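Remarks on the structure that follows.
The values are calculated or read from the model by the stated rules, or taken from the named source; none is laboratory data. Everything quoted here is computed from the prediction, not taken from an experiment. Note: ideal-geometry Cβ built from the backbone for every residue, glycine included; neighbour counts use all protein chains shown. Side chains included, ligands, DNA and RNA excluded: accessible areas come from the protein's heavy atoms. Shrake-Rupley method; radii C 1.70, N 1.55, O 1.52, S 1.80 Å.
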4 protein chains.
Amino acid sequence: MHILLSNDDGYLAEGLIALANALGGHAEISVVAPDRNRSAASNSLTLEMPLRAYTMDNGFIKVDGTPTDCVHLAITGLLENEPDMVFAGINHGSNLGDDVLYSGTVAAATEGRFLGLPAVAISLAGANPIHFETAAHVAVTLLQQLINHPLPQDTILNVNVPDVAIKDLKGYQATRLGQRHKSEPVIKSEDPRGRVIYWVGPPGAEQDAGPGTDFYAINAGFVSVTPLQLDLTWYERINDLKTWLPKEHDL
Amino acid sequence: MHILLSNDDGYLAEGLIALANALGGHAEISVVAPDRNRSAASNSLTLEMPLRAYTMDNGFIKVDGTPTDCVHLAITGLLENEPDMVFAGINHGSNLGDDVLYSGTVAAATEGRFLGLPAVAISLAGANPIHFETAAHVAVTLLQQLINHPLPQDTILNVNVPDVAIKDLKGYQATRLGQRHKSEPVIKSEDPRGRVIYWVGPPGAEQDAGPGTDFYAINAGFVSVTPLQLDLTWYERINDLKTWLPKEHDL
Amino acid sequence: MHILLSNDDGYLAEGLIALANALGGHAEISVVAPDRNRSAASNSLTLEMPLRAYTMDNGFIKVDGTPTDCVHLAITGLLENEPDMVFAGINHGSNLGDDVLYSGTVAAATEGRFLGLPAVAISLAGANPIHFETAAHVAVTLLQQLINHPLPQDTILNVNVPDVAIKDLKGYQATRLGQRHKSEPVIKSEDPRGRVIYWVGPPGAEQDAGPGTDFYAINAGFVSVTPLQLDLTWYERINDLKTWLPKEHDL
Amino acid sequence: MHILLSNDDGYLAEGLIALANALGGHAEISVVAPDRNRSAASNSLTLEMPLRAYTMDNGFIKVDGTPTDCVHLAITGLLENEPDMVFAGINHGSNLGDDVLYSGTVAAATEGRFLGLPAVAISLAGANPIHFETAAHVAVTLLQQLINHPLPQDTILNVNVPDVAIKDLKGYQATRLGQRHKSEPVIKSEDPRGRVIYWVGPPGAEQDAGPGTDFYAINAGFVSVTPLQLDLTWYERINDLKTWLPKEHDL
């Protein structure tokens, strides 16, 4: 078993190191991660510029690109042996509901979709989370389960872990993504030279966070595990479209 | 009707200008677009740095950020009046199958999901496409249909247009996303100083491109319209998960 | 006569266009300029990444690099015919005293030091200067003089022009660089997420700005022309060093 | 004695760590360095964006900016106590002749010009230098001499050290900057998508490298120490200018 690890907080992040230490006891691991914080990079891919990869003293490979670049490089030629699966994280902070659209951690997992086993994105909830040992424990548990209960390769598991000690975990819940309200307004400000600048505001509050959602599980102290699909097609709407898309003679 | 336009090729792109000219005849438009090419930016959002917005002579607003930044700013405070919908494009090149995960154009549309009408991402197929007038015509046609056939606000329409003259369009097809094979291998090279660099390789060939897919429609000369959803939850898999996720006593 | 034009405000800047229009009437010109604002780029050179050059509709070539990159590319192979001299500007704002160490405009001129005629950096003083026609007039006047009074090729002329109408110019002064006090303190602030950020503060006030300096000339309404050298050796100090540098037996 | 250390190779560079270890035994040190490689950044200063500073486990502060940004921040407010002098380096590779115009290491020293003691830029010659202990030894030796032989605060010492063991150093030479030929041509290439890219070529060969120059000293196995001035005025040329600058009636 050969696992590729990546993240979006950068190769020096405590969460990545905790994950590497934990999984390294159960599989061969390769770490390929961004050389700096790339949170909210989503599935951004670097096409216009070349990338550089450096192997650090601890064996981690840092790349001057996005999380997606890291995993893309790793599985399309950088590593001598193709890994069997990707673990991305442990993210510093949760990735719940709409967050998955923007998350570099989830994107890193997504990019592992062509490998043999499901990819896992794992995040530790909280503004300044500290219980990385809990998330690392969860990662190992899930790895063992995935080996015994193989899922289709094109599944991504989005895992969020409450920031509590292992003994205080309430258990696991299989969840769906909740939803946030629209983001808070942009914050208009001025730089010291008197010119207008804008900061992206905080994410919106929870809108759809009832039982069954990832928000609900985390708030109740459970590990939330959401299966994600990568086919964005909204199949139920295809027939609607057919009713009003122009017929040839309307062109 | 107030439409926000954006893209990922930058505010100077021919496709954006063609779209603005076409839709400007049917609605109030605001254009907020990246100050340079941001292809493959996906839903990347700039959280660590402030953004700057400049209004150009032609009324377009350029922002030193990603497509998602542009739309996010526009609808959360930059524009005085919130728009009713977003049109993103006309992208120079298609966005088919897995491409939508990486596309900045689709991401710009996604970011308009909280507005009153569906968002539309529109792309002109081909390596160096030229028939922007065809895609602009399609945009106007779809706008008129959407006004008369309102879809739920959280729908995204991913539209691809063949690079042919209007009269040579075969018609419209409501499609699902196809799928590509895994990308081509990373291209290993050297910079002039003898150090190793890597270029992301070309996207994979079409793997699932049969009838009903967006690939198929475009190859046959039809406009492809795929409804996208933004809830990535794979509902069918939730029950599977429940069968093997650890019970509390396993923790 | 073939003149290369560049700047640090970017290829769309009013000052560059004014300069191109003015010099274009007296010589063949080529414009190679950054694709965006690169003020304070100094002599920064892009070694780790490749550069891209695009020819715009108006014939200007924009490069995704620094002012130094632009001139470097232009004179080492991008242009078919090597230019005879470089004009950089018209900078939006003055470059006086210590400013020349940081200025991308002066750096662009510096990079032209291997050409046949002196390079000229030209700046229009003022916070939001408007009299670009005055600076353009000065540029043409200096060009004509330089043709008749050839200076050694390795001279850079740093020209600052008061922001007044041509008829209100008091004349020209050959000046030395003045000096600023140390910069104002860094401005400590917070981003909207509560994390500390720092902004570089404004430049220091004038410290050495008496008669003979560039500050003095501009304040009095004169065009300031300062000859710059690129050999930074402080010759007078070499002998001092010899008195105390360790002798071999001290190593 | 409080010394500020910086460099342009980034806070993880072996040369910086060697310098910190060596000087740390003789003075209080503060290290403020770029978070990644910023070679050839020259005196580039970040005015448009805020900067962030993180204190690492070893006490080094990394900043997401240029070498000039690092020293600027450090001496205008980031550090509680203003340092007495700046040491920049140990650069991985030499900074000889024209190189000083582009060097981020020399720029970091330059930015320390307002402090009480001369600033020192120190570089270890060679393509992949290894004898950092030699350059560290030279740094300590020079520090001790500078304390006993104070130079004016606005002097910068540009020090280059041969990549040999300490016992193989031939001694010290007070030198002037030599000069390079014009750079090698730009290298035109293509990215994997068939679009033209350009790489800045290698620096030119030595043109003025005779006895007395920094090139000569290094080639002969000596430590080269060049005093640099920051007043770029070419005083000898001011009178020349006066002979041909337009008189008022010529305007």
* Asked: Rounded to the nearest 5, what % of the DSSP beta bridges within region A:133-251 are antiparallel ones?
  -> 75 percent
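Is the shape of region C:115-156 rounded, prolate or oblate, going by the alpha carbon gyration tensor and its root eigenvalues a ≥ b ≥ c, with a/c under 1.5 for rounded and a/b larger than b/c for prolate?
oblate
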* Structure fact -> Where a ≥ b ≥ c are root eigenvalues of the Cα gyration tensor, a/c under 1.5 meaning rounded, otherwise prolate if a/b exceeds b/c and oblate otherwise, region C:21-161 counts as rounded
* To do: Over every pair of different alpha-carbon atoms in region C:170-227, take the mean of 1/r and invert it; report that Kirkwood radius in Å.
  => 13.4 Å
* Output the antiparallel fraction of DSSP beta bridges having both residues in the protein assembly as shown, as a percent to the nearest 5. => 40 percent
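In the neighborhood of A:Thr213, defined by Cβ-to-Cβ distances under 12 Å, what is the net charge if each Lys or Arg adds +1 and each Asp or Glu adds -1?
-3
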* Considering only the label points, 7 Å along Cα→Cβ from Cα, what distances in nm to one decimal separate B:Pro211 from the same position in each other copy, shortest first? -> 4.6, 9.1, 9.5
* Taking region D:132-213, how much of its Cα-Cα pair set, in percent, is spaced more than 16 angstrom apart? -> 71 percent
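Can you give me the relative contact order of chain A as a percent, contacts being Cα pairs under 8 Å and 6 or more apart?
17 percent
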* Structure fact -> chain C, Gaussian network, Cα under 10 Å: of C:Arg113, C:Arg176, C:Arg52, the residue fluctuating most is C:Arg52
* Structure fact -> Distances in nm between the label point of C:Ser189 (7 Å along Cα→Cβ) and its equivalents in the other copies, shortest first, are 0.5, 3.9, 3.9
* Measuring from centroid to centroid over Cα atoms, what is the spacing of region B:159-188 and region B:190-228 in Å? -> 8 Å
* How long are the three semi-axes of the equivalent ellipsoid for region C:211-251, computed from the Cα gyration tensor as the root of 5 times each eigenvalue, in whole Å, largest first? -> 41, 10, 6
* Asked: Using the Cα gyration tensor of chain C, with a ≥ b ≥ c the square roots of its eigenvalues, what is the shape: rounded (a/c below 1.5), prolate (a/b larger than b/c) or oblate (neither)?
  -> rounded
* Expressed in nm², what is the orientationally averaged projection area of the convex hull enclosing the Cα positions of region C:89-229? -> 9.9 nm²
* Can you tell which of B:Tyr198, B:Tyr11, B:Tyr172 shows the greatest fluctuation in a Gaussian network model of chain B with Cα springs below 10 Å? -> B:Tyr198
* To do: Mind jotting down the distance between the C-alpha centroids of region A:44-82 and region A:109-136, whole Å?
  => 18 Å
* Beta bridges per DSSP with both ends in chain A, % antiparallel, nearest 5 -> 35 percent
* Highest GNM mean-square fluctuation, chain D, Cα pairs closer than 10 Å: which of D:Leu115, D:Leu241, D:Leu79? -> D:Leu241
* Taking A:Lys188 as the anchor, which lysines have their alpha carbon closer than 21 Å to its alpha carbon, excluding any fewer than eight residues away along the same chain? -> B:Lys62, C:Lys188
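What net charge is computed for the residues neighbouring D:Val71, neighbours being all others with C-beta under 10 Å from the C-beta of D:Val71, Lys and Arg scored +1, Asp and Glu -1?
-1
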* To do: Sum up the charges of everything whose Cβ sits under 12 Å from the Cβ of A:Thr155, counting Lys and Arg as +1 and Asp and Glu as -1, but leave A:Thr155 out.
  => -2
* Would you kindly work out the equivalent ellipsoid of region B:92-143 from its C-alpha gyration tensor and give its semi-axes, the square roots of five times the eigenvalues, largest first in whole Å? => 20, 16, 7
* Structure fact -> homo-copy label distances at A:Ala27 (7 angstrom along Cα-Cβ), nm, one dp, ascending, are 4.6, 5.1, 6.4
* Given the alpha-carbon gyration tensor of region D:1-98, what are the semi-axes of its equivalent ellipsoid in whole angstrom, ordered largest first, with each equal to the square root of 5 times an eigenvalue? -> 18, 17, 13
* To do: Taking the rotation that carries B onto C, look along its axis and tell me which residue of B has the beta carbon nearest to it, distance in whole angstrom.
  => B:Arg36, 3
* **Whole-angstrom Cα spans of the protein assembly as shown along principal axes, big to small** => 84, 63, 43
* Asked: How big is D, in µm² s⁻¹, for region A:58-123 by Stokes-Einstein at 37 °C and 0.692 mPa s if Rh is the Kirkwood radius over C-alpha pairs?
  -> 268 µm²/s
* In terms of solvent-accessible area of protein heavy atoms at a 1.4 angstrom probe, what is the ranking of D:His72, D:His26, highest value first? -> D:His26, D:His72
